[in-house]
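This report concerns only the one structure given below.
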Amino acid sequence: MAALLSIQKLRTIFYTEKGRVKAADDINLDIAEGKTVGLIGETGCGKSVLGLSILRLLPRNAGIEGKICYKGQDILRLSGEQIRRLRGKEIALIPQSPSTSLNPVLKTGVQITEALQLHQKLAREEAWKAAVEMLQSFNLPDPERRVKEYPHQLSGGMKQRILAAIGMAGKPSLIIADEPTKGLDAIIRIQVVEVLHHLTKKTGATMLLITHDLKVAAGLCDEIAVMYAGEIVEHGPAEEVLGHPRHPYTMGLLASSPNNGLKPIRGCSPSLINLPAGCKFHPRCGKAREICAKKHPPLVTKNGSQVRCIFH
Amino acid sequence: MIRVESLTKVFTAGVFKKRPVNVIDDVSFTISAGETLGLVGESGCGKSTLARVVLRLIPPSGGRIFFKDTEITKANPKELKKIRTKMQIIFQHPESALNPRMKIYNSLVEAMRLQQIANNRREEGAKVYQLIELVGLNEEHLERYPHELSGGQIQRVVLARILSLQPEFIVADEPTSMLDLSVQAQVLNLFKEIQHKFNIAYLFISHDLDVVRWMSDRIAVMYAGRIVEIGPVDKVRENPRHPYTSALVDAFFALKNSGIDKIPDPKADKLPAGCKFYPYCLKAGDICKKKPDLKKVAEDHFVACWQV
C-alpha cells in the first residue's frame with residue numbers, strides 16, 4: 001500500500017538562548033493508508049514535536065528541514081493558506097489534556113458545529129444534528145443533552161469524545177492523536193481507547209498515535225516507532241517491537257513498566273542541547289562498548305524492523 | 001499503626017439549595033507498620049478526600065481515626081502538630097509542594113526548623129546532606145531552585161523533606177502519575193527501599209493498578225465514597241468478587257470494556273442509597289437497594305456485595 005504520509009530526513013531544531021535544541025533529528029517514517037502507527041518514548045524525546053511538525057504548528061523559533069509528503073505533496077513547501085486548508089480537513093489533531101483543550105465558555109455543541117460548518121459547509125441545524133449523530137457513534141450517553149452543556153459539566157472521557165468529534169468534523173484522512181490517555185483513570189482510558197479504535201477501524205482513517213502508555217499502544221497500533229532523544233531508535237510491527245524488542249532502550253523501557261518488574265533504566269534522558277556523541281543512548285546502555293561513544297549508528301532494516309544499534 | 005472506624009465526610013453542595021454529599025461513607029480499614037495499603041478507584045470517588053481526612057488535614061464528619069492506638073479524631077492543633085511529624089503526605093503534583101522561590105536546601109530545612117528536629121545549624125546541615133544522599137541526589141542539587149529539577153528529582157526532594165521528620169505513616173497520593181515509565185520505576189523502587197529501611201506504613205493511592213499491585217500488600221477498591229472490596233493484592237486481582245472490581249480489572253489489564261462505559265461519574269450525590277453500584281450492575285437484584293456491608297469471603301478478603 002502506498003504511504004499516505006511519508007516523512008523523510010526530517011530535522012526540527014529550536015533556536016533558543018541556550019543553544020540549538022535538536023528536538024527531532026533525521027526522522028524517516030512512512031505511514032501507510034489505514035494503519036495506526038504508535039510513537040512511544042519518554043517526555044522530552046520529541047514525540048509531540050514530530051506530531052506538530054507535520055501540521056506545521058511549531059512556534060517561530062523552530063526550523064524544519066527535510067520533507068513531509070502527504071498524498072504526494074510536500075507539506076513543508078505549502079503556503080500558509082494551503083496548509084490552513086489541510087489542517088482539520090485532511091489532517092486532524094486530537095490534542096492531549098481534554099480538560100484544557102476545550103473552550104470553557106462555549107457549549108460543547110457550539111464547538112463541534114463550528115468545525116462542521118467550516119469543513120462540511122453544513123447549515124446550522126444540520127450541523128447540530130450531525131454533531132449529535134457523531135457523539136452517538138462514539139457511544140456518548142445522552143448526546144442531545146451533552147451538546148447543550150459546558151465542558152466543566154462533563155467527565156474526562158466525555159470531553160475526549162467531544163475533542164474527537166471536533167477532530168473528525170472535517171472527515172480527515174490522517175489523525176494525529178497526541179497522548180489522548182494521559183492522566184486518565186482506567187475506566188475513562190478504556191472509553192478513549194474505544195473511541196480511537198472506532199475512529200480507525202470503522203472509518204478507515206490513518207492514525208499517528210503519540211503516547212507513552214505501552215498498553216494503549218499495544219491495543220491500538222499496527223506499527224510502533226520508539227523515539228529517544230529526538231531519533232527513532234526502533235520501528236516495526238507492534239507485536240515485534242513490544243514482544244521482541246531489539247534496541248536496548250526499548251528493552252529498558254519495557255522492563256521499567258510495573259508489570260515487568262519495575263527495573264529502571266539507569267541515569268536520565270539527556271538534554272537535547274548537548275547530546276552525547278555517538279549513539280545517544282550509550283551513557284545509559286548496559287551493553288555499550290567503546291565504539292558506541294564514537295560512531296553514530298544508522299537505522300538498519302532487518303526482517304521488516306528497523307533498529308538503530310551498532311550490534312544489529 | 002493506623003485504624004479507621006466507620007469514617008464519614010459530608011460536604012455541602014449547591015449555593016441556594018444546599019444538599020449534603022456523602023463523599024466518604026462509612027469507611028473502615030487498618031494499616032500495620034511496614035505495610036502498604038493500595039487504594040484504587042476512579043477520579044472523583046473520594047480517594048484523595050479519604051487520605052486527607054485520615055491525616056486530619058480536613059476534619060471528619062463522623063467515625064474515629066486511631067494512630068498507634070491513640071484517637072486523633074478530636075485532637076487539638078497543638079497535639080496535631082506533634083502527630084504531624086509522624087504522618088506525612090506526598091502529593092500528585094510535587095512541584096506545587098515546594099516553594100518556587102526557595103532553594104532546595106532551604107525547603108528541606110524549613111520542615112526541620114518548624115518541628116525543632118535539629119539542635120543547631122551544623123547538625124541541620126549534616127542531616128540535609130545525609131537525606132539528600134538517601135534519596136539518590138547529591139549536594140549540587142541543594143543549591144538549585146525547584147524549576148531547575150525534573151519531576152522525578154522533585155519527587156525525591158519531597159520525599160527527603162518528609163523523611164527528615166522520621167514519619168511512621170506516609171500517604172502517597174498518585175505520586176508517580178505524572179512521571180515517565182523509567183523515572184516512575186526509579187521513584188517507586190526508592191519508595192520501597194525507604195519503607196524497608198524505616199518500617200514505614202504507606203497508604204498508596206493510584207489509578208494505575210499495575211503500580212498498586214507492585215507496591216501494595218493489600219488493596220482497597222473504592223466506589224462512590226465506599227470501600228467495595230478490600231483484600232490481599234493478588235486475590236483481588238486474580239479473583240475479584242465485587243462486580244465493580246471485576247469491571248475495573250478488566251478495563252485496566254485487558255483493555256476490555258465490560259459494559260462499564262454506561263457508568264457515569266461515581267460522584268456520590270446522585271447515586272441511590274443502597275448499593276451505589278446497583279443501577280449499573282449486571283448481577284443486581286431487589287436486595288441491592290439495601291446497603292451492603294463488607295463480608296468476609298476469604299482470609300483477609302472482604303467484599304460489600306449482596307450477590308457474593
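The values are calculated or read from the model by the stated rules, or taken from the named source; none is laboratory data. All values derive from a computational prediction rather than experimental measurement. Backbone-built Cβ (ideal geometry, glycine too); neighbour counts: all protein chains shown. These area figures cover heavy atoms from the full protein model, side chains too; ligands, DNA and RNA do not enter into them. Shrake-Rupley method; radii C 1.70, N 1.55, O 1.52, S 1.80 Å.
The residue that is farthest from the other protein chains (Cβ to nearest Cβ), counting only those in the stretch A:229-255 that are of a type outside the set (A, V, I, L, M) and open to solvent by less than 10 Å² (accessible area, probe 1.4 Å), is A:GLY236.
Taking A:SER269 as the residue in question, decide whether it is within 12 Å of chain B (Cβ to nearest Cβ), within 19 Å of A:ILE27 (Cβ to Cβ) and at pLDDT below 90. Yes, satisfied. Scanning the stretch A:275-305 for residues that are outside any loop (DSSP other than H, G, I, E, B) and out of contact with any strand residue (DSSP E or B) (no Cβ under 7 Å at 6 or more places or on another chain) returns A:HIS282, A:PRO283, A:ARG284, A:GLU290, A:ILE291, A:CYS292, A:ALA293, A:LYS294, A:THR301, A:LYS302. Out of the residues in the stretch A:1-21 meeting the condition of being under 23 Å from A:GLN73 (Cβ atoms) and of a type in the set (Ser, Thr, Tyr), tell me which one is surrounded by the fewest Cβ atoms within 10 Å (Cβ to Cβ). Once the filter is applied, the top-ranked residue is A:SER6. The stretch A:1-108 holds helices (runs of 4 or more DSSP H) entirely within its bounds, and those carrying 3 or more residues that are closer than 28 Å to A:GLU240 by Cβ, within 15 Å of the chain's Cα centre (by Cα) and modelled with pLDDT of 90 or more map to A:47-55. Taking the stretch B:132-160 as the range and being among the basic types (Lys, Arg) and under 10 Å from B:TYR105 (Cα atoms) as the test, only B:ARG144 passes. Among the residues of the stretch A:205-223, those that are touching an Asp or Glu at 6+ places or on another chain (Cβ under 8 Å) and either among the aliphatic types (A, V, I, L, M) or more than 14 Å from chain B (Cβ to nearest Cβ) (or both) comprise A:THR206, A:ILE210. As a summary of the residue check, A:GLU290 satisfies the conditions (1) over 24 Å from B:GLN186 (Cα atoms); (2) within 24 Å of the chain's Cα centre (by Cα) except for the one numbered (2).
For the criterion of being β-branched (Val, Ile, Thr), farther than 27 Å from B:VAL109 by Cβ and facing chain A (nearest Cβ under 10 Å), B:VAL212 passes.
Of the helices (runs of 4 or more DSSP H) that lie entirely inside the stretch B:96-205, those containing 3 or more residues that are surrounded by 16 or more Cβ atoms within 10 Å (Cβ to Cβ) and within 14 Å of chain A (Cβ to nearest Cβ) span B:151-163, B:181-198.
Per-residue answers, yes or no, for (1) of a type outside the set (A, V, I, L, M, F, W, C); (2) surrounded by 20 or more Cβ atoms within 10 Å (Cβ to Cβ); (3) in contact with a strand residue (DSSP E or B) (Cβ under 8 Å, 6 or more places away or on another chain):
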{"site": "A:THR113", "(1), (2), (3)": "yes, yes, no"}
{"site": "A:GLN120", "(1), (2), (3)": "yes, no, no"}
{"site": "A:GLN136", "(1), (2), (3)": "yes, no, no"}
{"site": "A:ALA165", "(1), (2), (3)": "no, yes, no"}
{"site": "A:MET168", "(1), (2), (3)": "no, yes, yes"}
{"site": "A:ILE190", "(1), (2), (3)": "no, yes, no"}
{"site": "A:VAL195", "(1), (2), (3)": "no, yes, no"}
{"site": "A:LYS202", "(1), (2), (3)": "yes, no, no"}
{"site": "A:LEU209", "(1), (2), (3)": "no, yes, yes"}
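Count of the stretch A:229-288 residues, restricted to those that are touching a Leu at 6+ places or on another chain (Cβ under 7 Å) and of a type in the set (Lys, Arg), is 0.
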